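Worksheet for the structure shown next.
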Amino acid sequence: MSARAATIRRREGALRSIARVGLAVLLTAAGVAHLTVLRRGFRIAVPDWATRLFRTDKDTIVVVSGVVEAGLGVALIALPRERRRVGLAVAALFVAVFPGNVHHWRSGRDVPGMDSDAKRFARLFFQPVLVLWALWATRR
């Protein structure tokens, strides 16, 4: 490998590390928010069918998803050898919560930070970006 290729590879690795840390911070903060200040608001995004499917209430779904988010955020940093698997789990989580985001947009209900149809709709297009972010940042 040439010196130039090695330099490019190092820079790409550094960018992936920065992206991974950013994603970890985002996930951990969102997970903590699910458990604290935004807990009530997040219940609005849980579709009624999800409570029937999982045979539980909306609050439990919010709490469990918050624990999973925070745990994955920590795992992105704490488990470097499992980085690829954790990245796949993060991407899967982003896919899994997408129906809740669609439900929230369609319901038209306001929560802190998502207080307009335009914001709720725009979030739907950000979800694939999050999936790609998780996959790219955790690639070897």
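The values are calculated or read from the model by the stated rules, or taken from the named source; none is laboratory data. Model, not experiment: these values are computed from the prediction. Note: ideal-geometry Cβ built from the backbone for every residue, glycine included; neighbour counts use all protein chains shown. Just the protein is used for accessible areas: all its heavy atoms, side chains included, with ligands, DNA and RNA removed. Shrake-Rupley method; radii C 1.70, N 1.55, O 1.52, S 1.80 Å.
Kindly rank 115-122, 21-28, 48-55 from highest to lowest mean number of other beta carbons found within 10 Å of each residue.
Descending packing order for the listed peptides: 21-28, 115-122, 48-55.
Which value, in debye to the nearest 20, gives the size of the charge dipole of the chain about its Cα centre, when Lys and Arg are +1 and Asp and Glu are -1 at the Cβ?
680
At 1.4 Å probe size, with the rest of the protein present, what percent of the exposed accessible area of the chain is carbon and sulfur atoms?
Carbon and sulfur atoms account for 66 percent of the accessible area of the chain.
Could you please report the charge total around PHE42, scoring K, R as +1 and D, E as -1 over all other residues with beta-carbon less than 11 angstrom from its beta-carbon?
Combined, the nearby Lys, Arg, Asp and Glu give +2.
Where does the charge balance sit around LEU130 when Lys and Arg score +1, Asp and Glu -1, over other residues with C-beta under 15 Å from its C-beta?
+1
Please list the equivalent ellipsoid semi-axes of the chain, computed as the square roots of five times the alpha-carbon gyration tensor eigenvalues, in descending order and whole angstrom.
Those come to 32, 16, 12 Å.
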